[in-house]
Each structure stands twice: as structure tokens, then as C-alpha cells.
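The values are calculated or read from the model by the stated rules, or taken from the named source; none is laboratory data. Everything quoted here is computed from the prediction, not taken from an experiment. Quick reminder, even Gly has a Cβ in these numbers, built from the backbone with ideal geometry, and neighbours come from all protein chains shown. In case anyone asks, the SASA skips ligands and DNA or RNA and just uses the protein heavy atoms, side chains included. Shrake-Rupley method; radii C 1.70, N 1.55, O 1.52, S 1.80 Å.
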Amino acid sequence: MKPEQAFLIYLHGFNSSPKSHKASQLREYLAERGLGEHYACPALPPSGSQSIALVEAEMQQRPGRRFVFIGSSLGGFYATWLAEKHDASAVIINPGIRPWGDLRNYLGSQQNIYTGECYELTEAHLDEWQRLWVPFITPSRYFLLAETGDELLDYRDAASRYEGARQLIVPGGDHSFQSFTVHIPALLEFAGMSA
């Protein structure tokens with residue numbers, strides 16, 4: 001009997017959207033191979049708790065499915081919480097480790113670069129993220145993709161946080177993870193997906 005195809009949920013980063021470069025590349029790659037129905041990328045709000053609730057609502061629409069989260073930057077932080085809570089796997093790309101500290105300098109007025117939405121980033125957002133911190137992870141759940149040239153987050157923090165997980169550390173690049181398309185086949189192999 002053929003194993004059930006995984007359902008991928010892509011979680012974009014801070015001030016990003018489903019129209020982001022990586023989300024679009026993955027959606028197109030899957031569609032070209034007849035796998036488009038196994039993919040979702042919800043538009044995550046600025047609130048951590050609301051983002052988690054939105055993803056869990058997406059999951060509830062697909063009872064019995066095997067989920068694999070693909071999280072980029074802040075989305076990688078969310079993917080970690082979700083993977084541990086729901087006994088799932090996650091591919092994390094240049095992930096945020098402690099967003100309540102990393103994004104503190106962004107407190108104040110923000111505008112989403114894709115949607116144009118304006119909002120205030122407040123201490124309440126930072127507190128929500130801190131409450132979503134998972135102190136202990138199960139390394140076998142994760143596949144870390146990181147580029148050493150990430151100008152926003154130190155890839156070594158991610159390598160340490162996900163020690164024991166499958167890791168692919170790519171020299172150079174930047175926070176956008178420039179080499180993403182090259183690694184989509186490895187991502188799908190980790191997810192147990194086949195065209």
C-alpha cells in the first residue's frame with residue numbers, strides 16, 4: 001500500500017506573505033509535478049498566537065493528514081512549536097531562534113512589504129513569541145537549511161539549536177536563502193513526498 005502523501009504547510013517570515021519568493025517557488029514546483037493539492041501557505045498575521053491558531057485551523061480542515069511544516073525565519077520558529085505539539089516534521093530555513101530578542105529593534109510602526117498592511121509591533125508581540133518558545137526539541141523531526149551569509153541571523157545559533165537534526169549549511173547566500181530551489185528535492189525527500 002502506498003504511504004499517504006504528506007501535506008506541506010509553508011510558514012512565511014516576519015512581514016512576509018504567501019507571495020514571498022520561496023513560497024512562490026515551492027508552490028510552482030509542486031504544481032508542475034501534480035502535487036499542488038498537497039500544499040498551503042496561509043497569510044500569517046503579526047500576532048504569534050493568532051498565527052498558530054490560523055495554522056491549526058488549516059490543519060483541522062484536513063483531518064487525518066500527515067503534516068510537514070516548512071518554516072522560513074519567524075516561520076521556522078512557528079514550525080518548531082507546531083512540530084513538537086502535533087508530532088510532525090519540519091523543514092526550517094534560516095530560522096528565527098528567539099524572535100522576542102531578535103525583533104526587539106523593530107518595535108513600533110511596521111509595514112508588510114507584500115501586502116502594504118501597517119501595524120504597530122509591540123511588547124505584547126514579543127511576549128507572545130516568548131511564550132511559544134520550546135525549550136527542548138526532538139532533533140529527528142527537523143531538517144535545517146541555513147546559509148552562512150545570513151545578514152540578519154547567525155546560522156551558528158540555528159546549527160546549535162537543531163544539533164542532532166539533519167542539517168544542510170550552505171556557504172554564502174543571505175537571509176532569503178538564495179539557493180532554495182536547488183534544495184527543494186531534498187526538502188521533498190525529507191517530507192516523504194513523491195511526484
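Every condition in (1) surrounded by 14 or more Cβ atoms within 10 Å (Cβ to Cβ); (2) basic (K, R); (3) free of Cβ contacts under 8 Å to residues at least 24 places away in the same chain is met by K22 except one, and the failing one is (3).
Of everything in the range 35-55, what is free of Cβ contacts under 8 Å to residues at least 12 places away in the same chain and open to solvent by less than 60 Å² (accessible area, probe 1.4 Å)? Give them in sequence order. Hits for the range 35-55 are G36, P45, A53. For the range 179-195, a residue qualifies if it is open to solvent by 20 Å² or more (accessible area, probe 1.4 Å) and either under 17 Å from G96 (Cβ atoms) or in a helix (DSSP H, G or I) (or both), and the qualifying residues are T181, V182, H183, P185, A186, E189, F190.
Restricted to the range 144-178, and to residues there that are within 16 Å of the chain's Cα centre (by Cα) and polar (S, T, N, Q), the residue that is surrounded by the fewest Cβ atoms within 10 Å (Cβ to Cβ) is Q178.
Screening D127 with (1) under 22 Å from A53 (Cβ atoms); (2) assigned to a helix (DSSP H, G or I); (3) open to solvent by less than 60 Å² (accessible area, probe 1.4 Å); (4) of a type outside the set (G, A, S) gives one miss only, at (3).
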